[in-house]
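Structure first, then comments.
The values are calculated or read from the model by the stated rules, or taken from the named source; none is laboratory data. Please read these numbers as outputs of a predicted model, since none were measured by experiment. With ideal geometry, Cβ positions are generated from the backbone for all residues, glycine too; neighbour counts draw on all protein chains shown. Surface areas here come from the heavy atoms of the whole protein model, side chains and all, with no ligands, DNA or RNA. Shrake-Rupley method; radii C 1.70, N 1.55, O 1.52, S 1.80 Å.
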Amino acid sequence: GAVVSQHPSRVICKSGTSVKIECRSLDFQATTMFWYRQFPKQSLMLMATSNEGSKATYEQGVEKDKFLINHASLTLSTLTVTSAHPEDSSFYICSARDLRQNYGYTFGSGTRLTVV
Amino acid sequence: RKEVEQDPGPFNVPEGATVAFNCTYSNSASQSFFWYRQDCRKEPKLLMSVYSSGNEDGRFTAQLNRASQYISLLIRDSKLSDSATYLCVVNTGFQKLVFGTGTRLLVSP
(Lines give C-alpha, C1' and ligand atoms only; values in the text may rest on other atoms or scores of the structure.)
Protein backbone atom coordinates (compact mmCIF):
# COMPACT_ATOMS: atom_id res chain seq x y z
CA GLY A 1 0.00 0.00 0.00
CA ALA A 2 0.86 3.66 -0.17
CA VAL A 3 3.58 4.78 2.23
CA VAL A 4 4.30 8.33 3.34
CA SER A 5 7.51 8.97 5.22
CA GLN A 6 7.82 12.00 7.48
CA HIS A 7 10.96 13.28 9.19
CA PRO A 8 11.94 14.15 11.81
CA SER A 9 9.59 12.36 14.18
CA ARG A 10 10.48 14.63 17.04
CA VAL A 11 12.29 17.94 17.30
CA ILE A 12 13.03 20.39 20.07
CA CYS A 13 14.14 23.84 19.08
CA LYS A 14 14.73 27.21 20.63
CA SER A 15 12.36 30.13 20.16
CA GLY A 16 13.22 32.15 17.10
CA THR A 17 14.79 29.35 15.14
CA SER A 18 13.37 27.59 12.07
CA VAL A 19 12.50 23.94 11.71
CA LYS A 20 12.05 22.00 8.48
CA ILE A 21 9.81 18.95 8.26
CA GLU A 22 9.95 16.62 5.27
CA CYS A 23 7.19 14.50 3.84
CA ARG A 24 7.92 11.92 1.15
CA SER A 25 5.65 9.60 -0.76
CA LEU A 26 7.74 6.45 -1.09
CA ASP A 27 5.97 4.31 -3.64
CA PHE A 28 3.71 6.71 -5.47
CA GLN A 29 3.69 10.19 -6.87
CA ALA A 30 1.70 12.86 -5.13
CA THR A 31 0.93 16.09 -6.94
CA THR A 32 -0.87 17.21 -3.81
CA MET A 33 0.10 16.76 -0.19
CA PHE A 34 -1.60 18.08 2.90
CA TRP A 35 -0.22 19.49 6.11
CA TYR A 36 -2.15 19.20 9.36
CA ARG A 37 -1.58 20.31 12.89
CA GLN A 38 -2.99 18.66 15.98
CA PHE A 39 -2.96 20.18 19.45
CA PRO A 40 -3.51 17.92 22.48
CA LYS A 41 -7.02 16.49 22.69
CA GLN A 42 -8.07 18.33 19.56
CA SER A 43 -8.79 17.20 16.03
CA LEU A 44 -6.42 17.45 13.12
CA MET A 45 -6.71 20.82 11.47
CA LEU A 46 -5.71 21.32 7.88
CA MET A 47 -3.08 24.02 7.60
CA ALA A 48 -2.34 24.01 3.91
CA THR A 49 -2.46 22.07 0.69
CA SER A 50 0.89 21.64 -0.99
CA ASN A 51 0.83 21.61 -4.78
CA GLU A 52 3.74 20.30 -6.82
CA GLY A 53 5.24 23.04 -8.94
CA SER A 54 3.00 25.81 -7.67
CA LYS A 55 2.19 27.78 -4.55
CA ALA A 56 0.60 26.13 -1.58
CA THR A 57 -2.97 26.91 -0.62
CA TYR A 58 -3.28 27.98 2.99
CA GLU A 59 -6.33 27.65 5.21
CA GLN A 60 -7.82 30.71 6.78
CA GLY A 61 -5.83 31.89 9.77
CA VAL A 62 -2.60 30.12 8.81
CA GLU A 63 0.28 32.52 8.14
CA LYS A 64 1.94 31.63 4.87
CA ASP A 65 5.07 33.59 5.73
CA LYS A 66 5.47 31.66 8.95
CA PHE A 67 4.73 28.20 7.61
CA LEU A 68 6.68 27.91 4.38
CA ILE A 69 5.72 25.04 2.12
CA ASN A 70 7.76 23.78 -0.79
CA HIS A 71 6.66 20.96 -3.08
CA ALA A 72 9.51 20.76 -5.54
CA SER A 73 8.97 17.21 -6.74
CA LEU A 74 6.22 14.67 -7.07
CA THR A 75 7.43 12.81 -4.00
CA LEU A 76 8.58 15.50 -1.59
CA SER A 77 6.91 18.32 0.28
CA THR A 78 8.53 20.32 3.07
CA LEU A 79 7.06 22.49 5.78
CA THR A 80 9.33 25.02 7.44
CA VAL A 81 8.20 26.63 10.66
CA THR A 82 10.01 29.95 10.73
CA SER A 83 10.80 31.98 13.83
CA ALA A 84 9.23 29.32 16.00
CA HIS A 85 7.41 30.29 19.17
CA PRO A 86 6.33 28.05 22.07
CA GLU A 87 2.72 28.27 20.86
CA ASP A 88 3.85 26.55 17.64
CA SER A 89 4.55 23.43 19.68
CA SER A 90 2.25 20.81 18.25
CA PHE A 91 1.98 17.57 16.31
CA TYR A 92 2.43 18.21 12.59
CA ILE A 93 1.28 15.53 10.16
CA CYS A 94 1.41 15.33 6.40
CA SER A 95 -0.74 13.21 4.17
CA ALA A 96 -1.08 12.31 0.54
CA ARG A 97 -3.42 10.32 -1.58
CA ASP A 98 -2.36 7.55 -3.90
CA LEU A 99 -4.68 8.10 -6.84
CA ARG A 100 -4.17 4.49 -7.89
CA GLN A 101 -6.28 3.61 -4.87
CA ASN A 102 -9.96 4.37 -4.72
CA TYR A 103 -10.11 5.54 -1.18
CA GLY A 104 -8.27 6.88 1.76
CA TYR A 105 -5.42 9.19 2.43
CA THR A 106 -2.13 7.98 3.86
CA PHE A 107 -0.53 9.89 6.68
CA GLY A 108 3.08 10.35 7.63
CA SER A 109 4.06 9.31 11.13
CA GLY A 110 3.97 12.91 12.31
CA THR A 111 6.46 15.33 13.81
CA ARG A 112 6.19 16.38 17.40
CA LEU A 113 7.59 19.88 17.63
CA THR A 114 8.50 21.42 20.97
CA VAL A 115 9.67 25.01 21.01
CA VAL A 116 11.44 26.06 24.21
CA ARG B 1 -21.60 24.28 14.71
CA LYS B 2 -18.60 22.09 13.97
CA GLU B 3 -18.36 20.61 10.50
CA VAL B 4 -17.92 17.12 11.92
CA GLU B 5 -19.17 16.27 15.38
CA GLN B 6 -18.45 13.24 17.50
CA ASP B 7 -19.02 12.27 21.09
CA PRO B 8 -15.52 12.44 22.61
CA GLY B 9 -16.24 9.63 25.06
CA PRO B 10 -14.45 7.82 26.53
CA PHE B 11 -16.45 4.69 25.96
CA ASN B 12 -15.38 2.09 28.51
CA VAL B 13 -16.39 -1.43 27.48
CA PRO B 14 -15.37 -4.95 28.49
CA GLU B 15 -13.72 -7.34 26.07
CA GLY B 16 -16.26 -8.98 23.82
CA ALA B 17 -18.74 -6.12 23.98
CA THR B 18 -20.32 -4.44 21.01
CA VAL B 19 -19.91 -0.69 20.81
CA ALA B 20 -21.21 1.92 18.39
CA PHE B 21 -19.95 5.38 17.58
CA ASN B 22 -21.87 8.09 15.81
CA CYS B 23 -20.85 11.11 13.85
CA THR B 24 -22.75 13.94 12.18
CA TYR B 25 -21.54 16.30 9.50
CA SER B 26 -22.88 19.66 8.43
CA ASN B 27 -21.89 19.98 4.79
CA SER B 28 -24.51 18.26 2.68
CA ALA B 29 -22.20 18.41 -0.34
CA SER B 30 -19.64 16.17 1.35
CA GLN B 31 -18.45 13.52 -1.01
CA SER B 32 -16.75 10.73 0.85
CA PHE B 33 -16.49 9.49 4.37
CA PHE B 34 -14.00 7.54 6.40
CA TRP B 35 -13.27 6.17 9.82
CA TYR B 36 -9.67 6.46 10.94
CA ARG B 37 -8.08 5.07 14.04
CA GLN B 38 -5.51 7.07 15.97
CA ASP B 39 -3.42 5.64 18.76
CA CYS B 40 -1.94 7.93 21.37
CA ARG B 41 0.72 10.24 19.89
CA LYS B 42 0.60 8.47 16.55
CA GLU B 43 -0.65 9.31 13.10
CA PRO B 44 -4.21 8.40 12.00
CA LYS B 45 -4.59 5.15 10.09
CA LEU B 46 -7.45 4.34 7.77
CA LEU B 47 -9.87 1.88 9.30
CA MET B 48 -12.47 1.87 6.57
CA SER B 49 -14.31 3.98 4.07
CA VAL B 50 -18.03 4.45 4.55
CA TYR B 51 -20.47 3.79 1.72
CA SER B 52 -24.16 4.59 1.42
CA SER B 53 -24.98 0.91 1.17
CA GLY B 54 -23.12 0.20 4.38
CA ASN B 55 -20.01 -1.87 4.52
CA GLU B 56 -18.42 -4.42 6.78
CA ASP B 57 -14.84 -5.43 7.40
CA GLY B 58 -14.56 -8.26 9.87
CA ARG B 59 -15.79 -7.03 13.24
CA PHE B 60 -16.29 -3.48 11.95
CA THR B 61 -19.42 -2.20 10.24
CA ALA B 62 -19.86 1.32 8.92
CA GLN B 63 -23.09 2.99 7.87
CA LEU B 64 -23.85 6.27 6.13
CA ASN B 65 -27.16 8.09 6.12
CA ARG B 66 -26.88 10.98 3.70
CA ALA B 67 -30.39 12.26 4.40
CA SER B 68 -29.62 12.65 8.10
CA GLN B 69 -25.92 13.46 7.50
CA TYR B 70 -25.00 10.77 9.94
CA ILE B 71 -22.24 8.17 9.98
CA SER B 72 -21.81 5.26 12.34
CA LEU B 73 -19.21 2.66 13.24
CA LEU B 74 -20.07 -0.58 14.99
CA ILE B 75 -17.40 -2.74 16.57
CA ARG B 76 -18.36 -6.25 17.56
CA ASP B 77 -16.51 -8.57 19.94
CA SER B 78 -14.24 -5.78 21.17
CA LYS B 79 -10.58 -6.62 21.72
CA LEU B 80 -8.10 -4.94 24.04
CA SER B 81 -6.22 -3.85 20.93
CA ASP B 82 -9.26 -1.89 19.77
CA SER B 83 -8.53 0.72 22.44
CA ALA B 84 -7.81 3.90 20.53
CA THR B 85 -9.42 7.11 19.33
CA TYR B 86 -11.73 6.72 16.35
CA LEU B 87 -11.86 9.69 14.01
CA CYS B 88 -14.79 10.44 11.76
CA VAL B 89 -13.45 12.06 8.60
CA VAL B 90 -15.37 13.76 5.84
CA ASN B 91 -14.13 14.80 2.42
CA THR B 92 -15.94 18.05 1.77
CA GLY B 93 -14.62 18.39 -1.76
CA PHE B 94 -11.41 19.39 -3.48
CA GLN B 95 -9.67 16.66 -1.48
CA LYS B 96 -10.19 18.60 1.74
CA LEU B 97 -10.59 16.31 4.73
CA VAL B 98 -12.34 17.54 7.84
CA PHE B 99 -11.74 15.58 11.02
CA GLY B 100 -13.94 15.11 14.01
CA THR B 101 -12.31 15.41 17.40
CA GLY B 102 -12.50 11.66 17.77
CA THR B 103 -14.20 9.21 20.09
CA ARG B 104 -11.99 7.50 22.61
CA LEU B 105 -12.56 3.78 23.21
CA LEU B 106 -11.15 1.91 26.18
CA VAL B 107 -11.58 -1.87 26.16
CA SER B 108 -10.87 -3.51 29.49
CA PRO B 109 -10.21 -7.18 30.37
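With a 1.4 Å probe and every protein chain left in place, work out the accessible area per residue of region A:1-63 in Å², rounded to a whole number.
On the way: 3650 Å² over 63 residues.
That works out to 58 Å² for each residue.
If all Cα-Cα distances of region A:1-85 are sorted into 10 Å bins from 0 onward, what percent lands in each bin, rounded to whole numbers?
Per 10 Å bin, starting at zero, the Cα-Cα P(r) for region A:1-85 comes out as 17, 48, 31, 3 percent.
Quick check: net charge around B:S30, other residues with Cβ under 11 Å of its Cβ, Lys/Arg +1 and Asp/Glu -1?
+1
So which cysteines in the protein assembly as shown don't have a second cysteine's C-beta under 4.7 Å from them?
Isolated Cys, the protein assembly as shown: A:C13, B:C40.
Probe of 1.4 angstrom, ligands and nucleic acids ignored: what's the accessible area per residue over chain B, in square angstrom?
Per-residue accessible area for chain B comes out at 49 Å².
Can you list the residues of region B:38-52 whose accessible area drops by at least 30 Å² going from the chain on its own to the full set of protein chains, with a 1.4 Å probe?
Relative to the lone chain, where solvent access is computed with a 1.4 Å probe, region B:38-52 loses at least 30 Å² at B:Q38, B:R41, B:E43, B:P44, B:L46.
Computed on protein heavy atoms with a 1.4 Å probe, what is the summed buried accessible area for the chain pair A and B, in Å² to the nearest 100?
It comes to approximately 1600 Å² buried between A and B.
Bins of 5 Å, beginning at zero and ending with the bin holding the largest distance: percent of Cα pairs per bin for the protein assembly as shown, please.
1, 7, 14, 18, 18, 16, 12, 8, 4, 1, 0
With charges only on Cβ, +1 for K and R and -1 for D and E, what is the dipole size of chain A about its Cα centre, in debye, rounded to 20?
Values: 12 positive and 9 negative charges, 38 e Å.
The calculated dipole for chain A is roughly 180 debye.
Roughly how many percent of the accessible protein surface of chain B is carbon and sulfur, given a 1.4 Å probe and a whole-percent answer?
Solvent-exposed carbon and sulfur of chain B make up 49 percent of the total.
Suppose R0 equals 30 Å; then what is the FRET efficiency for B:N12 and B:K45 from their Cβ-Cβ distance, rounded to the nearest 0.05?
0.85
For peptide B:24-37, what's the mean number of Cβ atoms from other chains within 10 Å of each residue's Cβ?
Averaged over the peptide's residues, the number is 1.
Could you check the simple spin-label distance between B:S68 and A:S54, using points 7 Å along Cα→Cβ, in nm with one decimal?
Computed distance between label sites B:S68 and A:S54 equals 4.0 nm.
Considering protein heavy atoms only and a 1.4 Å probe radius, which residues within region B:88-109 exhibit an accessible-area decrease of no less than 10 Å² in the full assembly relative to the chain by itself?
B:N91, B:Q95, B:K96, B:L97, B:F99, B:T101
Is the shape of chain B best called rounded, prolate or oblate, per the rule: a/c under 1.5 gives rounded, else a/b larger than b/c gives prolate, else oblate, with a ≥ b ≥ c the square roots of the Cα gyration tensor eigenvalues?
In terms of gyration-tensor shape, prolate.
Probe radius 1.4 Å, ligands and nucleic acids ignored: give me the carbon and sulfur share of the accessible area of region A:1-80 as a rounded percent. Each step should come with its number before you reach the end.
Details: 2230 of 4450 Å².
The C+S portion of the solvent-accessible surface of region A:1-80 is 50 percent.
Loop-only check: which trypsin sites (Lys or Arg not before Pro) in region B:1-85 are DSSP coil with at most 14 other Cβ within 10 angstrom?
For trypsin sites (Lys or Arg not before Pro) across region B:1-85 that sit outside H, G, I, E and B with at most 14 neighbouring Cβ atoms in 10 Å, the list reads B:R1, B:K2, B:R41, B:R59, B:R66, B:R76, B:K79.
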